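Some notes on the structure that comes next.
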Amino acid sequence: MASKPKHPYTIVRGGKLVDIAKRRAAPADILIKGDTIAEIGRPGLAAPAGATVIDAKYRLMHPGLINAHTHSPGNLGKGMGDLWSLELLLTASPWINGGRTLEDKYLSAMIGAAEMVLKGCTAAYDLAAEFPLPSVDGLSAMAKAYEEVGMRAVLAPMVADITFFEAIPGLMERLSPALQKEVESFRYAPWKAITRQMDKALQKWPFDKVMLAVAPTIPHHCSDDFLIACRNLAREYEVGIHSHVAESKVQVVAGYKRYGTSLAAHMDGLGLVNERFTVAHGVWLDDEDMKRLGDRGASVAHNPGSNMRLGNGLADVRGMLSAAVNVGIGTDGASCSDNQNMYEAMRLASFASKVQGPDVERWVTTEEALRAATEGSARALGLHKQIGRLLPGYKADIVFLDLHHINWIPTNDPVNALVHTEDGTAVHSVMIGGRMVVEDRKLLTVDLAKLAAKAEASRVRREKITAPAKKLYERLEKVVGTFCPGLAKAPLHIHRFGASHHHH
Ligand SMILES: [Zn+2]
């Protein structure tokens, strides 16, 4: 089978297609024209003469999973830390993200894209930071990696004009004068310069499967002028806005100290909250915040793996769904999750809802988790009319699972099995836009041995360059690691930690 069909038509025969609503997988043939599904029908569906035939016998077909929140720079930082809160991870950023060349940016995006497609994910919302400001070259290098792998992405330069140490009230004062001087040297470019770079990239963006968006990283890490500039850019170019809102309790406490309101209320006041707006995490949103997001048609990218890994707590997904918030599912970056496995993310979304209390009706169903990881994420990416479902008119982004894999023996309820049983090991083939990207468990577009060699060379080089930043992290760790948990113990009307009692 050719990886690039010459004939405009492809016919997929003999597979079983997941029907989420009916919780079954019935035999179906899929006719594809170019990159789009033309028709879905019973076995034996007519196809134009000469169409490329794909044999999907013993395969379960489901829409490509969509990662609603990741960070491509994180892939080179995979597995670098253990006891990291969000605040410690942000402190470690100059160490884990330092010394990056243009080639590293490309490489890091390619590692993540390769992992995602091998694990059944066909599109991602990628928030990619460059320090001290984004560049057209950097964004283009990352987009090129996605295009070479053959994956879709919405790439959002992740930006800030206030450093983490300035954003958390009282933290800077806790540092010794020597440490204060050190952290002050990690300064972002002024917001006007950052905005000019984003504008430049948005003006002439040549990529097709990779689109741009705008990501003011964390509301209180951005001045209000900068948030407004981000809002205006998103309006002008009709692109998404994505921000980490209320990911940790520390952020919410800092937000109240700075604004006197919740973070979501502050962003709404500046006009950022609309149907193109995605909140990453939203663990510490309260009922009013959720209602506000729902009323505006906004989305939340739910990342249960990251929320547990960084000790941020358990998001109230039932509360979000009840408030009509669109919920997508993400993995978050590999420096804090540490894989890019959307099957695992769905499974954790289900499990995380089930440890929050005894009321079964508040738990997330497998159907809701699967819809969130497909249709919900698609809407967060702004691509819900093109991807997230397998229907005529939608892009042919199809995952083929091996029904002879042990995960599917026996095959009972396919929706339950996709969320609770599948872990990515049964992924046999992956089609994106009518093109096979993974076939017979092999990535067709990238040589993984070469990728490994490049990643190792990069690691060795950066380990040397970032040694001073690592030393600095070790000095800061003691201060941040005690000051921030202190803030997180402040009284608040929202409770999201797994245990209600703190141990002292
Ligand atoms: Zn994130």
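The values are calculated or read from the model by the stated rules, or taken from the named source; none is laboratory data. For clarity, every value in this text was computed on a predicted model and none was experimentally measured. Reconstructed Cβ throughout: ideal geometry from the backbone, glycine too, with neighbour counts over all protein chains shown. All accessible areas refer to the heavy atoms of the entire protein, side chains included, with ligands and DNA or RNA removed. Shrake-Rupley method; radii C 1.70, N 1.55, O 1.52, S 1.80 Å.
Restricting the search to segment 293-337, which residues are part of a loop (DSSP other than H, G, I, E, B), modelled with pLDDT of 95 or more and within 12 Å of the ligand (Cβ to nearest atom)?
The answer is 303, 310, 312, 330, 331, 332, 333, 334.
Can you give me the ranges of the helices (runs of 4 or more DSSP H) entirely in segment 178-292 with at least 2 residues that are open to solvent by 50 Å² or more (accessible area, probe 1.4 Å) and at pLDDT 95 or above?
Correct list: 191-203, 224-237, 249-259.
So residue 136 ticks every box in (1) open to solvent by less than 10 Å² (accessible area, probe 1.4 Å); (2) more than 19 Å from residue 442 (Cβ to Cβ) but one. Which box is left unticked?
Here residue 136 clears every test but (1).
Every residue in segment 441-469 that is closer than 30 Å to residue 179 by Cα, of a type outside the set (Lys, Arg) and surrounded by fewer than 11 Cβ atoms within 10 Å (Cβ to Cβ), please.
Just the residues of segment 441-469 that are closer than 30 Å to residue 179 by Cα, to begin with: 458-469.
Filter again for of a type outside the set (Lys, Arg), leaving 458, 460, 463, 465-469.
Of everything in segment 441-469, just one residue is closer than 30 Å to residue 179 by Cα, of a type outside the set (Lys, Arg) and surrounded by fewer than 11 Cβ atoms within 10 Å (Cβ to Cβ), namely 460.
Considering each of 101, 91 in turn, give the residue that is of a type in the set (Ser, Thr, Tyr), closer than 21 Å to residue 186 by Cα, more than 15 Å from the ligand (Cβ to nearest atom) and open to solvent by 50 Å² or more (accessible area, probe 1.4 Å).
Going through 101, 91 in turn, the sole match is 101.
When you look at residue 151, is it touching a residue at least 60 places away in the same chain (Cβ under 8 Å), under 30 Å from residue 64 (Cβ atoms) and within 16 Å of the ligand (Cβ to nearest atom), yes or no?
Criteria not met by residue 151.
Taking the condition of being open to solvent by less than 30 Å² (accessible area, probe 1.4 Å) and aromatic (Phe, Trp, Tyr), how many residues in segment 367-406 meet it?
Within segment 367-406, residues that are open to solvent by less than 30 Å² (accessible area, probe 1.4 Å) and aromatic (Phe, Trp, Tyr) number 1.
Might you let me know whether segment 142-161 holds any residue that is assigned to a loop (DSSP other than H, G, I, E, B), over 21 Å from the mean Cα position of the chain (by Cα) and modelled with pLDDT of 95 or more?
Narrowing segment 142-161 to residues assigned to a loop (DSSP other than H, G, I, E, B): 150-151, 160-161.
Add one more test, that the residue is over 21 Å from the mean Cα position of the chain (by Cα), and what stays is 161.
Keeping just the survivors that are modelled with pLDDT of 95 or more gives 161.
Yes: segment 142-161 contains one or more residues that are assigned to a loop (DSSP other than H, G, I, E, B), over 21 Å from the mean Cα position of the chain (by Cα) and modelled with pLDDT of 95 or more.
Output the qualifying pairs, or none if there are none: Cβ atoms under 8 angstrom, residues six or more apart or on different chains, first residue in segment 168-182 and without any contact (Cβ under 8 Å) to a residue 24 or more places away in the chain, second residue open to solvent by 50 Å² or more (accessible area, probe 1.4 Å).
Matching pairs, first to second residue: 172/166; 172/180.
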